[in-house]
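Take a look at the structure set out below.
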Amino acid sequence: MCVNLSLKERLFWAGLVFLYFLAWYHLSRQLSLQSGSFHVLSLAGEEKIPFLPFSFLIYASLFITPFYLVFILKKPQEFMAAFSCFILAIWISKMIWLFYPVQYHLRPTLPLATSGLIFWIQFFYQMDGAALNCFPSLHVTFAYLLFYLAYTFHRKLTWHLLIYATLVSLSTLTFKQHYVLDILGGVGLATGLWLLILYRRPA
């Protein structure tokens, strides 16, 4: 009989993934800044994609939603499959960022604000600094991993999370964080990990 992981155990492993992400993110960013050489992946016409401030809320939600897995993946094989997917997603993307650094250059110039959504967007842009290491988009990768994990283990959530992943992908464009090719790279990475780790597992 399979014993479910306790909430404490699941939070521990989720915390490890989060710390692993933070460490790799800052290290790869510093190494990219030291190299000083960046690629630009914008396609013709991408500058015409509108900046939609409300899409920041969708974009920012992805910093929280992966922790939803802590509450729905309780079986050891399910949770460790998710753990493996996210660890590999972070490692692969960071390797790409180190050897093929991409910088986003289409952020808008915003009016000075002291409150409201524009203020928080300005705060995010300031904290984030230059938009570096964009390909593949980890936002998109994580969003589609949520979808694939639901498809594999919790079919009732599949379509909800597919819609969510699509909205997150669009928000990376309208919040002016990623190019179209970054999104395709994120979808491709998530799909590759699904095929490698999750495909043919019992639902």
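Among the lysines of the chain, pairs at least eight places apart or on separate chains and with Cα atoms under 19 Å apart come to 5.
Close amide H pairs (under 5 Å, H built 1.01 Å from N) link V102 with H39, N133, C134, F135, residues at least 5 positions away or on another chain. Each of I49 and T109 was given a label point 7 Å from its Cα along the Cα-to-Cβ line. The distance between the two points is 2.2 nm. Modelled spin-label separation between Q126 and F71, with each label point placed 7 Å from Cα along the Cα-to-Cβ direction: 3.3 nm. Of (i) 57, 40, 36; (ii) 59, 36, 32; (iii) 41, 39, 37, which is the value of Cα extents along the principal axes in Å derived from the coordinates here? The calculated read-out lines up with (ii). Among 22-28, 148-154, the peptide with the highest mean count of other Cβ atoms within 10 Å heads the list, and the full ranking is 148-154, 22-28.
Values in this text are rule-based calculations from the coordinates and carry no lab data. From a predicted model like this one, the values you see are computed outputs, not experimental measurements. In this analysis, Cβ positions are derived from the backbone assuming ideal geometry, glycine residues included, and neighbour counts consider all displayed protein chains.
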